[in-house]
Structure formats: structure tokens, C-alpha cells
Amino acid sequence: MSKHGILLAGGSGTRLRPFTNYVSKSLLNCAGKPIIEYPLHTLQQAGVEHLTIIVGSSFSGQIMDYVQEGARYGMDVNYCYQPAPKGIAEAINRCQRYVGDKEFVVCLGDNCFEGEVSFDPAFDGAQIVVKQVIDPKKFGVIFCHGLDNIQKIEEKPQVIDRKFECWVITGCYLFNQQYFEYFKGLSPSARAEYEITGIIERYHQDGKLKANPYYHFWHDLGSNESIAYANDFFHSRKQLW
């Protein structure tokens, strides 16, 4: 598995105000740990040794002070600054010089995976971790007839087409170096961001996309409600990793 990884922690956390008026959302508490500990753990389990953390908010220094050079995580950590929120795809593109010349793992800084994510080491292309949820409209979604037969990919669809299986794209991916060529042809979306689903769609069009199902607890910790939900889940389990 890849030894290089990217963690996106540059968001301003507008959905978590007023708390994020004073502190980075990555350092807010969830079940006794700062939120950033969850993606760091996921990347550790994936075998990442060289990690780039993307920062961008006015509290970037707080993240850098907390993680530092990464020694306690068994990783070498460096930082990349994204001055404006132009989307996940644009943030990843900024890290090209840091991720070596092979594949690399990406994890969003507000994603909590209870169990280990897995990728196929023999597959050359992009791999996405997907999960079935009750309300998929808030996420990027793949519609398929089985995960080996993806029909379409949509970002935050307004209508869920029930003719297909519906899986949401979680915030963990593996890309090869083709990512950076695809990004050159990517245009901003209607919300003026470079959408990661646009990159994933290009891999799909070229037959280079693999979707890996995830059956453990996963949650996006981007709102007060989602943090409360995760708190309740881990409290009921009485333990964390």
C-alpha cells in the first residue's frame, strides 16, 4: 500500500459555529478526542509514513502545533497551505510534489472511520471507499447495479434514482499519478469549486475506478448534530481504539 498520504484540514467549519470562531474544527472534541485524530488513525492503519496535511483557515497554526512533525503517529508530516476554499480536488492537486511518484491515500479531516479501510494493492487507478446510508443526498453518490457495474456518479443529487443501488462516497480515496493529469482538464462547478467527484468520474470513464464497500461505523463530523451522533455511538460502545 502507498506510503504517501494527504489529510485535508483546511476547512473553516462554518457549520460548527460559534465554536469555530475560536478554534480549528479539527481540534474540536468528539468522544474524548480531537476530530483530527480519527483521520490520522485511518491513515496510520493504511500504512502511510509520509503525510501532507492541507491547512487553510485562520487557525492553521493550531493544527500545526497539535500534530507537529508527526513523530507520535509514526509519520513524517509536512504542511501545504490552500489560501482559498476552491474544493477538495484543487487542494489535493497542490500536493503533487509531496506524494512521490506512485499512488497515494487521501482522507478528509472530518471523517471518522471506526474500522480499517482497505484497498486492492493490485488495482491500478482510483479506489473509493463507499457506504450505504439513510440519507445520501448530502454526499457524492454512485448509482450502480453492483459495485463492479457503476452507472453514474453525482455530487449531492436532488433526486435518488431507486432503479439503482445507491452508495455514498466517503472521504477516503486512493489515487495514482493520473490524478494530476485529470485535474488539468477539470473546471469549477456551479459553486466555484473543483469537485472531487469530477476526478472520480474521469477515472470511471476510463475504466480505472474501483469502489470498496465499507460496513463499519462511518460519519462525517462536519456539524454539531453529526458530532453528537458519533459521541452517542462511541459512548454506547464504551471504548475507542
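Since every read-out is calculated from the coordinates, none of them should be taken as a lab result. Predicted, not measured: the structure shown is a model, and the values here were computed from it. Counting neighbours? That spans all protein chains shown, and the Cβs are built from the backbone with ideal geometry, glycine included.
For the chain, relative contact order (Cα pairs under 8 Å, six or more residues apart, normalised by length) works out to 24 percent. A dipole drawn for the stretch 41-107 from +1 and -1 charges on Cβ atoms has a positive end, and of Gly70, Val48, Ala84 the residue lying farthest that way is Ala84.
Among the lysines of the stretch 86-199, pairs that are 8 or more positions apart or on different chains and have alpha carbons within less than 26 Å of each other number 20. The fewest-to-most ranking of Ile169, Ile200 by surrounding Cβ atoms within 10 Å reads Ile169, Ile200.
Beta bridges assigned by DSSP with both partners in the stretch 4-237 are antiparallel in approximately 50 percent of cases. Annotation: aspartates and glutamates with alpha-carbon distance below 13 angstrom to Lys210 (same-chain offsets under eight excluded): Asp120, Asp124, Asp148, Glu201. In terms of surrounding Cβ atoms within a 10 Å radius of their Cβ, Ser226, Ser236 rank from fewest to most as Ser236, Ser226. Projecting the Cα atoms of Tyr182, Pro157, Phe233 onto the dipole axis of the stretch 141-241, where Lys and Arg carry +1 and Asp and Glu carry -1 at the beta carbon, places Phe233 farthest toward the positive end.
Under the convention that each Lys and Arg Cβ holds +1 and each Asp and Glu Cβ holds -1, the size of the dipole of the chain around its Cα centre is about 420 debye. Projected onto its three principal axes, the C-alpha set of the chain covers 43, 40, 35 Å, listed from the longest axis down. Pull out a ≥ b ≥ c, the square roots of the eigenvalues of the alpha-carbon gyration tensor of the stretch 190-241, then state rounded if a/c is under 1.5, prolate if not and a/b is larger than b/c, and oblate in the remaining case. Since a/c reaches 1.5 but b/c is at least a/b, the shape of the stretch 190-241 is classed as oblate.
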